[in-house]
1. Only residues that are under 28 Å from PRO265 (Cβ atoms) and assigned to a loop (DSSP other than H, G, I, E, B): list them for region 141-167, please.
2. Considering region 196-218 alone, what residues qualify as being surrounded by fewer than 17 Cβ atoms within 10 Å (Cβ to Cβ) and assigned to a loop (DSSP other than H, G, I, E, B)?
3. If you go through region 232-243 one residue at a time, do you hit one that is among the aromatic types (Phe, Trp, Tyr), loosely packed, with under 15 Cβ neighbours inside 10 Å and outside any strand (DSSP E or B)?
4. Surrounded by fewer than 18 Cβ atoms within 10 Å (Cβ to Cβ) and assigned to a loop (DSSP other than H, G, I, E, B): does that describe GLY190?
5. How about region 219-228: which of its residues are assigned to a loop (DSSP other than H, G, I, E, B), in contact with a helix residue (DSSP H, G or I) (Cβ under 8 Å, 6 or more places away or on another chain) and not hydroxyl-bearing (Ser, Thr, Tyr)?
6. Tell me, which residue of region 58-84 that is exposed (fewer than 11 other Cβ atoms within 10 Å of the Cβ) and of a type in the set (Gly, Ala, Ser) is modelled with the highest pLDDT?
7. Taking region 151-181, which residues are buried (at least 21 other Cβ atoms within 10 Å of the Cβ) and within 9 Å of the chain's Cα centre (by Cα)?
8. Within region 104-127, does at least one residue satisfy the condition of being within 19 Å of the chain's Cα centre (by Cα), at pLDDT 50 or above and within 19 Å of TRP260 (Cβ to Cβ)?
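The values are calculated or read from the model by the stated rules, or taken from the named source; none is laboratory data. This is a predicted model, so every value here is computed, not measured. Glycine also receives a Cβ, built like all others from the backbone with ideal geometry; neighbour counts cover every protein chain displayed.
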Amino acid sequence: MRARVGQRVPVVVQSRGRRRTGARVLWVCAETVVTCGVVVLLLVVHQLWWTNQQARAEALQQVRVLEREWGEWDISPPTPPDSAATSATSTTSPSPTGDPVVPSPDPVRPVPGPRDAVSPSAAFAVLRIPRLGLTVPVAHGVSKRAVLDKGYVGHYPGTAAPGRTGNFALAGHRNTHGEPFRYINRLARGDVISVRTRGATYTYRVDQVLPRTAPRDVGVVRAVPRSIVSPSYGYDAPGAYLTLTTCTPEFSSAYRLVVWAKLVP
């Protein structure tokens with residue numbers, strides 16, 4: 001009997017050890033899952049909240065700098081600015097076979113334009129949309145890193161200058177990094193959009209909204225804009241147009257949302 005009892009003791013101890021080891025493994029796994037969850041949550045907070053705070057602050061500061069400079073220039077005009085920086089850009093539309101002209105989550109290789117050759121990614125105008133409570137600087141180019149991720153709105157190279165005949169085409173983030181164009185889907189015909197530059201303020205009125213189109217629908221930013229995907233949206237005659245483009249639906253880059261406005265004489 002003693003031998004049998006002695007043989008049972010190691011078996012009982014060994015079973016407890018296995019249970020303890022299994023508990024430790026489960027505990028480590030649980031800690032790992034919780035840690036990963038916290039890291040993911042922090043990344044989401046950074047992407048959806050912190051980048052917005054940073055970009056909006058930088059964009060607002062840029063607006064203040066521009067308007068302060070313009071106010072000083074109005075009081076005591078310096079030497080006229082370089083004609084290359086203030087003249088209208090070419091209104092020739094980018095080639096349909098070129099790179100995407102509607103913003104995408106990947107870096108865009110913009111079509112070369114005279115403005116970018118003079119002052120790449122420099123803010124030169126202030127866009128205001130009263131209906132959305134939006135005030136944001138407009139910069140040259142549509143590079144994510146140099147322009148869009150700063151909370152700015154980007155001017156497509158090769159499209160018209162503000163207030164000029166042609167298509168003044170702009171791109172902006174729908175979500176994160178200031179998300180200036182998050183609510184442009186709320187714009188309706190007749191809503192006012194203003195663009196202020198050093199020399200003048202131009203007023204546009206919203207005329208058409210294209211709810212969804214393909215990322216490579218280059219027709220929307222041509223001098224006379226018309227969608228290639230949905231030809232019923234767009235124009236047939238030359239004019240002074242303003243185009244706003246962004247991704248849709250929210251938190252996705254599957255399609256593009258387009259808003260067109262016309263210059264008020």
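1. TYR156, PRO157, GLY158, THR159, ALA160, ALA161, PRO162, GLY163, ARG164, THR165
2. ARG198, GLY199, ALA200, ALA214 - these are the residues of region 196-218 that are surrounded by fewer than 17 Cβ atoms within 10 Å (Cβ to Cβ) and assigned to a loop (DSSP other than H, G, I, E, B).
3. No: zero hits.
4. So GLY190 fits the description; yes.
5. Matches in region 219-228: PRO225, ILE228.
6. Checking each candidate, the answer is GLY71.
7. Matches in region 151-181: GLY151, TYR152, VAL153, GLY154, ALA171, GLY172, HIS173, ARG174, HIS177, GLY178, PRO180, PHE181.
8. yes
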